[in-house]
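I have placed the structure first, in the form of structure tokens, so that the comments after it can refer back to it.
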């Protein structure tokens, strides 16, 4: 499960880090230390140039929460933020995108929430999970294009670009925090993951091996991240875990992190 993450690197940094040769970003995104579903995020993908059909690596802005092309309206995207690696090639909402529209979603790290100890009350403890060297992560993603039929046919604003993050089983210590985590694609596999013409479904599934999720570190952070209204680098700073039972229960809908039961984990 991945319901919140941090993406603070600039467009220029991402262009260099991911070897992007075609910049399709019209307006830079601000650093976001509390990325939540339906927010705009950066995505790296490959597409042919309209004129000569040359394939190139692009950077685009998409909305987090995948809207299948066949959807009647975009509201379904709020539930399709994650796709399970075990079923992504089979589920109707994701299988076409998995075969033809794979992407990388850059992140500085992601948040996960650990249940309080058995027999105690209170809210879950948030953790930030990232590389020890703080280099960016590349989440395995899918993207889709949805067309608003009420917009003029040639109006580019009538197209909505959306994406979902593929999740997998969390190993070892990370699994003690939460049993699911975003699938991380290692740099030496970026080209294969993005090469939808040369890397078929079976080979793409092989890239989703849980072994690729190793090499991450985790530490507790402030429960301030629980509210989407909070943002800033202080959210990813290490904080002492709150003693069991001292974190009060949530009082508003947007104060809780997205959870698998209501954030597309069944797809």
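What follows draws every value from the coordinates through simple rules; no lab data is involved. Values in this document were obtained by computation on a predicted structure and should not be read as measured data. Note: ideal-geometry Cβ built from the backbone for every residue, glycine included; neighbour counts use all protein chains shown.
Kindly state, to the nearest 0.05, the FRET efficiency for residue 39 paired with residue 90, given R0 = 30 Å and r defined as their beta-carbon distance.
Details: r = 28 Å, r/R0 = 0.93.
The computed FRET efficiency comes out at 0.60.
Two-decimal Rg/Rh of the chain from alpha-carbon positions, Kirkwood Rh? Display every interim value, and only then the final one.
On the way: Rg = 18.3 Å, Rh = 19.0 Å.
Checking Rg against Rh, the ratio lands at 0.96.
How large is the Rg to Rh ratio of segment 126-203 when both quantities use alpha carbon positions and Rh follows Kirkwood? Please list the in-between numbers first.
Working: Rg = 17.2 Å, Rh = 15.6 Å.
Rounded to two decimals, Rg/Rh equals 1.11.
How much FRET efficiency would the formula 1/(1 + (r/R0)^6) give for residue 176 and residue 23, where r is the Cβ-Cβ distance and R0 is 35 Å, rounded to 0.05?
Numbers: r = 40 Å, r/R0 = 1.15.
Efficiency computed from Cβ-Cβ geometry: 0.30.
Report relative contact order for segment 23-104 in percent, whole number only (criteria: Cα-Cα under 8 Å, sequence separation at least 6). Write down the numbers at each step before the final one.
Values: 103 pairs, mean separation 21.7, N = 82.
The normalised contact order for segment 23-104 reaches 26 percent.
Once you have the Cα-Cα distance between residue 115 and residue 54, take 0.36 nm times their residue separation minus that, and quote the gain in nm to one decimal. Can you show the working numbers first?
Values: separation 61, 0.36 × 61 = 21.96 nm, distance 4.88 nm.
Residue separation times 0.36 nm, minus the Cα-Cα distance, leaves 17.1 nm.
With no solvent and one point on each alpha carbon, what is the Debye value of log10 I(q)/I(0) for segment 90-239 at q = 0.17, 0.18, 0.20, 0.21 Å⁻¹?
With no solvent term, the Cα-only Debye profile gives -1.05, -1.11, -1.22, -1.28.
For n ≥ 4 DSSP H runs only, could you compute -39500 (n - 2.57) per run for the chain, divide by its residues and tell me the 222 nm figure to the nearest 500? Can you show the working numbers first?
Details: 5 runs with 30 residues, N = 267.
It comes out at -2500 deg cm²/dmol, rounded to the nearest 500.
So for each of 70-78, 101-109, 217-225 I average, over its residues, the number of other beta carbons within 10 Å; can you give me the resulting order with the highest mean first?
The densest-packed peptide leads the list: 101-109, 217-225, 70-78.
Quick one: pull the percentage of alpha-carbon pairs in segment 34-170 with a separation above 19 Å.
On the way: 5377 of 9316 pairs.
Of all Cα-Cα distances in segment 34-170, 58 percent exceed 19 Å.
Cβ neighbours within 10 Å, averaged per peptide: list 58-68, 198-208 in order, most packed at the top.
On the way: 58-68: 22.0, 198-208: 14.5.
Answer by packing, highest mean first, reads 58-68, 198-208.
Quote the relative contact order of the chain in percent (integer), defining contacts as alpha-carbon pairs under 8 Å separated by 6+ residues. Display every interim value, and only then the final one.
On the way: 598 pairs, mean separation 61.9, N = 267.
Reported as a whole number, the value is 23 percent.
Using a 10 Å cut-off around each Cβ, can you sort 180, 147 from fewest to most neighbouring Cβ atoms? Working shown, then result.
Working: 180 19, 147 12.
In order of increasing Cβ crowding within 10 Å: 147, 180.
As a test of understanding, state the convex hull volume per residue of segment 182-232 from its alpha carbons, in Å³.
Details: hull volume 7.2 nm³, N = 51.
Convex hull volume per residue, Cα atoms: 141 Å³.
For segment 1-96, what does the equivalent ellipsoid look like in terms of its semi-axes, each the square root of 5 times an eigenvalue of the Cα gyration tensor, given largest first in whole Å?
Working: eigenvalues 113, 75, 32 Å².
Those come to 24, 19, 13 Å.
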